[in-house]
1. Between Thr137, Thr92, which is at pLDDT below 70, out of contact with any Lys or Arg (no Cβ under 6 Å at 6 or more places or on another chain) and not in a loop (DSSP other than H, G, I, E, B)?
2. Among the residues of region 35-52, are any without any contact (Cβ under 8 Å) to a residue 60 or more places away in the chain, open to solvent by less than 30 Å² (accessible area, probe 1.4 Å) and part of a loop (DSSP other than H, G, I, E, B)?
3. Output the residue which, of all residues in region 95-134 that are more than 30 Å from Pro54 (Cα to Cα) and modelled with pLDDT of 70 or more, is least open to solvent (accessible area, probe 1.4 Å).
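The values are calculated or read from the model by the stated rules, or taken from the named source; none is laboratory data. Nothing here was measured: the structure is a model prediction, and the numbers come from that model. No Cβ is skipped: glycine too gets one built from the backbone with ideal geometry, and neighbour counts run over all protein chains shown. Please note that ligands, DNA and RNA were not included when accessible areas were found on the heavy atoms of the full protein model with its side chains. Shrake-Rupley method; radii C 1.70, N 1.55, O 1.52, S 1.80 Å.
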Amino acid sequence: MKKLFAGIMALGFLLAGQSAYVFAEDDRNCDDFSNKEEVMAFWYENGYNASNDPHDLDRDNDGLPCETSKGEYDAYVASREEENNEGTADDTQSGSDSEGEQTEGEALPDTASNNFTMIALGAGLAAAGGILTLRKTKSKA
């Protein structure tokens, strides 16, 4: 019985280790971007900051990606907000109601995963626990 449980646990850890490689494919590094403009666009569009940095682009935890200076990032944010404000002002002046705008906030960054390996691992461990519980109660009865 102990060997069966140890085997199931070893298989579970093996599958969990395998899933780490799936996450590594989606990970972005500073070298993946061709210039600072791309890095700042990625950082700004996903709403990342010093406390929300799943790709670890901000190694020194200053809230700026890939050694970007505060002035560069502030200028980028100001230009983006200016573009957004110009688009909103044009819509208001023309009297058109834009149906495609989100009113309650922006889209969340894509940080979740539906990794099949982790689902299978959880189901397998739950099944193993159920089997062990049933066998234990039958042997006592």
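1. Only one candidate passes the filter, namely Thr92.
2. No, region 35-52 contains no residue that is without any contact (Cβ under 8 Å) to a residue 60 or more places away in the chain, open to solvent by less than 30 Å² (accessible area, probe 1.4 Å) and part of a loop (DSSP other than H, G, I, E, B).
3. Only one residue tops the list, namely Ala128.
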